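The values are calculated or read from the model by the stated rules, or taken from the named source; none is laboratory data. Treat the numbers as computed from the prediction; the structure is a model and nothing was measured. With ideal geometry, Cβ positions are generated from the backbone for all residues, glycine too; neighbour counts draw on all protein chains shown. The area values use the complete protein model at the heavy-atom level, side chains included, leaving out ligands, DNA and RNA. Shrake-Rupley method; radii C 1.70, N 1.55, O 1.52, S 1.80 Å.
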Amino acid sequence: MIKVIKEDITNLDVDIVVNAANKSLLGGGGVDGAIHRKAGRELLEECRTLGGCETGKAKMTNGYNMPCKKIIHTVGPIYSNKESDPVNLYNCYFNSMRLAWDYLNDNHLDKVSIAFPCISTGIYGYPKKEAAKIAIKAVKDSNYDNIDVYFVCFGDEDYQIYLDLLQ
Ligand code: ADP
């Protein structure tokens, strides 16, 4: 199942929320800042133990004071119109799905839900429609039946783009 919603991702009662982090994994602006504020200091403490994260990769932590159980921190590309940008953005979604799949299996769960923000389309400047196409492709390519995916749009523009692409 793939669903598009317009919401603040920090309010979602899903199993896993994906964070559009930066390489330090120590918090930042935008959705990253909102997640760290809501989750609290313990999240920062766990993130300090992770040693940062490369662009396109993903690492999982607990959710702390967020409504979700786990947070996957992934680092999107800073848009520069290079060939590596779509590859890195694709990998953010694909590697996050892979971590969600491992979480499902490691915990013998029947199903998990995961919510993605529009990675790289804020401060990192990725063109919104291109980014949405890559996000949808990566999630569809992942092809895990028992993972419910929510694309979480913060603004009307992203919401409309995802609705149009998914209909
Ligand atoms: P990046 O640095 O990867 O571009 P940003 O946080 O600046 O990350 O933006 C990524 C996307 O997250 C943008 O579409 C922005 O509107 C959205 N966003 C910001 N805050 C929230 C939030 N609380 N919930 C969901 N999406 C958010």
Legend entry - Qualifying positions in the stretch 99-111 - open to solvent by 60 Å² or more (accessible area, probe 1.4 Å) and touching a strand residue (DSSP E or B) at 6+ places or on another chain (Cβ under 9 Å): W101, K111
Legend entry - Boolean, Y124 is within 15 Å of the chain's Cα centre (by Cα), touching a residue at least 24 places away in the same chain (Cβ under 8 Å) and within 15 Å of the ligand (Cβ to nearest atom): yes
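Here's the yes/no breakdown for (1) at pLDDT below 95; (2) within 15 Å of the ligand (Cβ to nearest atom):
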{"position": "L104", "(1), (2)": "no, no"}
{"position": "N107", "(1), (2)": "no, no"}
{"position": "K111", "(1), (2)": "no, no"}
{"position": "I114", "(1), (2)": "no, yes"}
{"position": "A131", "(1), (2)": "no, yes"}
{"position": "A135", "(1), (2)": "no, yes"}
{"position": "N143", "(1), (2)": "yes, no"}
{"position": "C153", "(1), (2)": "no, yes"}
Inset, instruction - Among the residues of the stretch 1-25, count how many are open to solvent by 80 Å² or more (accessible area, probe 1.4 Å) and either without any contact (Cβ under 8 Å) to a residue 60 or more places away in the chain or among the aliphatic types (A, V, I, L, M) (or both). - result: 4
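Does the stretch 20-45 hold any residues that are near the ligand (Cβ under 9 Å from one of its atoms) and of a type outside the set (A, V, I, L, M, F, W, C), and which are they? Write out each step before concluding.
Pass one, the stretch 20-45, residues near the ligand (Cβ under 9 Å from one of its atoms): 20-22, 28-35, 38.
Within the stretch 20-45, N22, G28, G29, G30, D32, G33, K38 meet the criteria.
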Inset, instruction - For the stretch 31-45, name all the residues that are in contact with a strand residue (DSSP E or B) (Cβ under 8 Å, 6 or more places away or on another chain) and surrounded by 18 or more Cβ atoms within 10 Å (Cβ to Cβ). - result: V31, D32, I35, A39, L43
Inset, instruction - Check T74, T49 and return the single one that is open to solvent by less than 50 Å² (accessible area, probe 1.4 Å) and at pLDDT 95 or above. - result: T74
Inset, instruction - Just need a number here: residues in the stretch 112-149 that are under 18 Å from G56 (Cβ atoms) and either in contact with a Leu (Cβ under 9 Å, 6 or more places away or on another chain) or crowded, with 22+ Cβ neighbours inside 10 Å (or both). - result: 16
Inset, instruction - State whether the residues of the stretch 85-98 include one that is closer than 30 Å to R41 by Cα, open to solvent by 60 Å² or more (accessible area, probe 1.4 Å) and either touching a residue at least 24 places away in the same chain (Cβ under 8 Å) or more than 11 Å from the ligand (Cβ to nearest atom) (or both). - result: yes
Inset, instruction - Kindly indicate whether any position in the stretch 150-159 is closer than 21 Å to N91 by Cα and surrounded by fewer than 20 Cβ atoms within 10 Å (Cβ to Cβ). - result: no
